[in-house]
Amino acid sequence: MKDKSRILLVIAPSFNECRRTAMEFDLDFDKVERMRFLHRVPQLRGWTRGTPFIALRRDHWPEALDSTLHAMQVKGQLRIATDRDLADLVKAGTAVATAAMAGRGA
C-alpha cells in the first residue's frame with residue numbers, strides 16, 4: 001500500500017540555507033524522505049495543489065525566487081506549513097509556531 005504521507009518543501013536560496021531552515025524548525029533528518037529541499041525557481045513547479053512549505057528570511061532572497069513563491073501561494077499551489085504538517089517531522093518533544101516563520105518578511 002502506498003504511503004500517503006505529505007511531502008514538506010523546505011525552500012531557500014541555496015541548499016545550505018535549506019538545511020539551516022530545516023534545522024531552525026528542528027526537523028528530524030531521519031525523516032528526510034518526506035522533505036524536499038528546493039533552491040531554484042524551476043523546482044517550485046509541478047507540486048500537488050496545497051503542498052506545504054517552510055521558509056525563513058525571505059526578505060533576503062533573490063527577487064525571482066521570492067516572487068515565484070509568492071505567486072504559487074496566491075494560486076494555492078503551495079501553502080505555508082501548519083503545526084499539523086510539521087508534527088510528524090519535528091524531533092520528539094519540539095513545538096514550533098510556524099505561521100510567522102514562513103511568510104514574506106519573516
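Rule-based calculations on the coordinates, nothing more; no lab input. The structure presented is a predicted model; accordingly, all values stated were derived computationally and were not measured. Cβ: placed from backbone, ideal geometry, glycine included. Neighbour counts: every protein chain shown.
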Go through segment 46-76 and give me each residue that's touching a residue at least 24 places away in the same chain (Cβ under 8 Å), over 20 Å from Phe25 (Cα atoms) and not in a loop (DSSP other than H, G, I, E, B).
-> Leu65, Thr68, His70, Met72
Count, please, the residues in segment 1-27 that happen to be in contact (Cβ under 8 Å) with a residue 24 or more places away in the chain, closer than 20 Å to Ala87 by Cβ and within 14 Å of the chain's Cα centre (by Cα).
-> 12
Take segment 77-91 and flag every residue that is among the aliphatic types (A, V, I, L, M), outside any loop (DSSP other than H, G, I, E, B) and touching a residue at least 40 places away in the same chain (Cβ under 8 Å).
-> Leu78, Leu86, Val90
